[in-house]
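I have placed the structure first, in the form of structure tokens, so that the comments after it can refer back to it.
The values are calculated or read from the model by the stated rules, or taken from the named source; none is laboratory data. Everything numeric here is computed off the predicted structure, so don't read it as measured data. As a convention, Cβ positions derive from the backbone with ideal geometry for all residues, glycine included, and neighbour counts pool all protein chains shown. These area figures cover heavy atoms from the full protein model, side chains too; ligands, DNA and RNA do not enter into them. Shrake-Rupley method; radii C 1.70, N 1.55, O 1.52, S 1.80 Å.
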Amino acid sequence: MTDVARFVQDHPYQLLYALIGLGVVLVINEIRHAVEKAAIRRAFFRPAAPALAGVPAAAPVAPPAAKTGGALGSVVLTVVVLAGAFYVLPSLLGQGSGLAPVASAMTNGTYTGMGRNALSSVNLTLDLNLTGSPKLIVLTSPTVGRLYLDGQATPESTGTFLTGRLINEQQVPVGTLNAHVTPTSVTGTAGVGPLQWQLDLRR
């Protein structure tokens, strides 16, 4: 489930769009069912054909009870279930107390590799030191220099999740970092100004 949690944290807007699309499909489906039920109820309320002489008229059949709130209930239930599957369950599995010792062991290391986007790539180095005081997380690039993380390091089942602002040596915010650190690699995203990179770093 940590892979699911990682995908959610790296692609929140894609999942939001998927949930919106699913909700629209469910609403359309419920509207179609409501139209069909309305047509059935109208058929029950149509006047019966005149009875033939000597033949007793059939007893009227009561229409089925209309269900209310079906569309809204289905949408709400779907959103709650998907939110639990994508957010709550991975959080519990990724940050539970039983898994904390594995994550806490991932506190120091140097990772090197590439940051890539559709137009270019750049060499990056991430230095991680969570045992010192103060804790130090530095992202270095030949083009942007040394940047420091002003944010949080959250334990995961396989390592550490880093999130927050990137600031320069003058304490000015210049970008953001959202990265998953394992004993062997760093994945996620880093951005400086208009530049956004997909991280592929190795220890």
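Structure notes:
- On a per residue basis, the stretch 146-203 carries 47 Å² of accessible surface, using protein heavy atoms and a 1.4 Å probe.
- Linear extension gain, Ala43 paired with Lys135, 0.36 nm per residue minus alpha-carbon span: 25.8 nm
- Counting only heavy atoms of the protein chains and using a 1.4 Å probe, Lys135 has close to 140 Å² of accessible surface.
- At R0 = 30 Å, FRET efficiency that the Cβ-Cβ distance of Glu169 and Ser120 yields, to 0.05: 0.80
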